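Here's the structure we're looking at; comments come further down.
The values are calculated or read from the model by the stated rules, or taken from the named source; none is laboratory data. Predicted, not measured: the structure shown is a model, and the values here were computed from it. Note that we place each Cβ from the backbone using ideal geometry, even for glycine, and neighbour counts take in every protein chain shown. In case anyone asks, the SASA skips ligands and DNA or RNA and just uses the protein heavy atoms, side chains included. Shrake-Rupley method; radii C 1.70, N 1.55, O 1.52, S 1.80 Å.
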Amino acid sequence: MPTRRLHLVSAEEDHRVSTIELFFDLVFVYAITQTTQLMADHLSLLGVGQGLAMLAVLWWCWCSYAWLGNTIHVDHGIARLAMFGAMAVMFLVSLTIPEAFVDHPGGLFAPVLFVVCYALVRLLHLVAYLGAARHDPGLRRVLLRMFAGLLPSVVLLGVASSLSGPWQLALWGVALLADYLNVYLTGPEGWRLNAPAHFAERFGLIVIIALGESIVAIGIGIGALPMSWLVAGAAVCGLALAAGMWWTYFDVVARVSEHRLTQATGVERAKLATDSYTFLHLPLIAGIVLVALGLKKAFLYIADTEHHTAAEAVHGVPIWTLTGGLALYLVALSSLRKRNLGSWNHQRLVLGVLLLAATPLLEHVPAAVLLLIVAAVVLGLITFERLRFAAWRREVHARHS
């Protein structure tokens, strides 16, 4: 029996993440690193805004291929070649991130190259998806509607490449709004989610990748600077913070989200996947990336004894990215609970607000103490939830283990 070059996933819901999808994610790892570095090199409100806008563009690319991988076996036939092609162009997108807003002298004009490569990544996805939907009129219609939103978005990004400063960022915002809003208003009808466990696993892995960036940021912040007991202690605090963020997502939230997705069917499943994963995971990832940026700068203060003292405090944009990123992460987690269980996680919302309110005070404590406080706060939250909701947590683990 001849092997089909492109085929839909079988009706069974046992499709799992393929190695080529993990390979594709490696490009996204580099893109996140480039985005963090973009903000670190332009550490201002404008620079952070550019980084978040860039993350939204990258997220839309990654999500598109996550949905595709849930519809067809991307590790078979011509789909495999399409994935490699998308990886190549996505890698070019990642390489142009440092110059996506301001071109460096010499060479190609990077802002336009970025937009062209981004458009190619999206078009390759559309062509592959239309091939997968050749026997599914409903899916074809929704894909063509998505293309209708992509065109004005790409045009606006192209126009923005000739601008600079706040006006350029504002036009990026309009372009992203047009694309995101088009998909949201199109609604869930027509989309297909054949393997919910595969889909949840894809998004869980991308959370792991983003958390990995937090750990990498610690190493980059230290760089080639000499080790000391203070640096070692701060590194443990940074790792504890990353571990705490992992716990607050994977211990319960990820399990409940996957269970709700698996139990839903048809349009409700597609709606749940769009809300909980495509949209609500974006602020989750953005919060992690901002925390990584804050950690990177905090460790520079701690390790660079030539330019900073042990008593020096982190201030300005870097500390707000750390506390604000963590607050955003906690709000996103609570929003996931609201979408999946119908109620807010109040302690996480309150902690997010307290972190923001306490930031002006935290600007007066040494950088190492700041990391200790932030890590202790997250670990304290975990301890409180384990004691307060012990019975419910055991029930969740028993049901979804």
query = Taking into account only those residues within the stretch 238-250 that are open to solvent by 20 Å² or more (accessible area, probe 1.4 Å) and in contact (Cβ under 8 Å) with a residue 40 or more places away in the chain, which is farthest from the chain's Cα centre (by Cα)?
reply = 240
message = Going by what's in this entry, would residue 395 be described as open to solvent by 40 Å² or more (accessible area, probe 1.4 Å), assigned to a helix (DSSP H, G or I) and over 22 Å from residue 295 (Cα atoms)?
response = yes
key: Residue count for the stretch 312-345, restricted to those that are in contact (Cβ under 8 Å) with a residue 12 or more places away in the chain, open to solvent by 30 Å² or more (accessible area, probe 1.4 Å) and part of a helix (DSSP H, G or I)   = 7
request  = Six or more apart or on different chains, Cβ under 6 Å: which pairs go from a residue in the stretch 265-294 that's among the hydroxyl-bearing types (Ser, Thr, Tyr) to one that's open to solvent by 20 Å² or more (accessible area, probe 1.4 Å) and assigned to a loop (DSSP other than H, G, I, E, B)? Could you list them?
outcome  = 274/188
key: Leading residue by the ranking (nearest to residue 160 (Cα to Cα)) among those in the stretch 104-116 that are of a type in the set (A, V, I, L, M, F, W, C) and surrounded by fewer than 22 Cβ atoms within 10 Å (Cβ to Cβ)   = 112
query = So residue 197 fits all but one of (1) closer than 24 Å to residue 395 by Cβ; (2) crowded, with 18+ Cβ neighbours inside 10 Å; (3) of a type outside the set (D, E, K, R); what number is the exception?
reply = (2)
message = Tell me whether the stretch 117-126 contains one or more residues that are in contact with a helix residue (DSSP H, G or I) (Cβ under 7 Å, 6 or more places away or on another chain), in a loop (DSSP other than H, G, I, E, B), at pLDDT 95 or above and within 20 Å of residue 28 (Cα to Cα).
response = no
query = Can you spot a residue in the stretch 88-103 that is touching a residue at least 24 places away in the same chain (Cβ under 8 Å), open to solvent by 10 Å² or more (accessible area, probe 1.4 Å) and among the polar types (S, T, N, Q)?
reply = no
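Within the stretch 79-87, does at least one residue satisfy the condition of being in contact with a His (Cβ under 7 Å, 6 or more places away or on another chain) and open to solvent by less than 60 Å² (accessible area, probe 1.4 Å)?
Yes, some residue in the stretch 79-87 is in contact with a His (Cβ under 7 Å, 6 or more places away or on another chain) and open to solvent by less than 60 Å² (accessible area, probe 1.4 Å).
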query = Among the residues of the stretch 204-219, is any open to solvent by 50 Å² or more (accessible area, probe 1.4 Å) and over 21 Å from the mean Cα position of the chain (by Cα)?
reply = no
query = Taking the stretch 21-68 as the search range and keeping residues that are hydroxyl-bearing (Ser, Thr, Tyr) and farther than 21 Å from residue 279 by Cβ, which one is surrounded by the fewest Cβ atoms within 10 Å (Cβ to Cβ)?
reply = 44
request  = Might you check whether a residue that is of a type in the set (A, V, I, L, M) and not in a helix (DSSP H, G or I) occurs anywhere in the stretch 243-256?
outcome  = yes
key: Subset of the stretch 257-281 (residues that are part of a helix (DSSP H, G or I) and open to solvent by less than 30 Å² (accessible area, probe 1.4 Å))   = 257, 261, 269, 270, 272, 273, 274, 275, 276, 277, 278, 281
query = Given 217, 175, which one is without any contact (Cβ under 8 Å) to a residue 24 or more places away in the chain and assigned to a helix (DSSP H, G or I)?
reply = 175
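Per-residue answers, yes or no, for (1) loosely packed, with under 14 Cβ neighbours inside 10 Å; (2) assigned to a helix (DSSP H, G or I); (3) basic (Lys, Arg):
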{"residue": "134", "(1), (2), (3)": "yes, no, yes"}
{"residue": "138", "(1), (2), (3)": "yes, yes, no"}
{"residue": "143", "(1), (2), (3)": "no, yes, no"}
{"residue": "148", "(1), (2), (3)": "yes, yes, no"}
{"residue": "157", "(1), (2), (3)": "no, yes, no"}
{"residue": "167", "(1), (2), (3)": "yes, yes, no"}
{"residue": "171", "(1), (2), (3)": "no, yes, no"}
remark   = Screening 108, 81 for residues that are part of a helix (DSSP H, G or I) and either under 21 Å from the mean Cα position of the chain (by Cα) or aliphatic (A, V, I, L, M) (or both) leaves only 81
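Restricting attention to the stretch 178-189, which residues are part of a helix (DSSP H, G or I) and open to solvent by less than 50 Å² (accessible area, probe 1.4 Å)?
178, 179, 180, 182, 183, 186 - these are the residues of the stretch 178-189 that are part of a helix (DSSP H, G or I) and open to solvent by less than 50 Å² (accessible area, probe 1.4 Å).
Condition check ((1) within 24 Å of the chain's Cα centre (by Cα); (2) hydrophobic (A, V, I, L, M, F, W, C)) across all residues:
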site	(1), (2)
348	yes, no
365	no, yes
370	no, yes
377	yes, yes
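Has the stretch 296-314 got any residue that is within 20 Å of residue 216 (Cβ to Cβ) and in contact with a Lys or Arg (Cβ under 9 Å, 6 or more places away or on another chain)?
Within the stretch 296-314, one or more residues are within 20 Å of residue 216 (Cβ to Cβ) and in contact with a Lys or Arg (Cβ under 9 Å, 6 or more places away or on another chain).
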ask   = Taking the stretch 295-311, which residues are open to solvent by less than 10 Å² (accessible area, probe 1.4 Å) and free of Cβ contacts under 8 Å to residues at least 40 places away in the same chain?
value = none
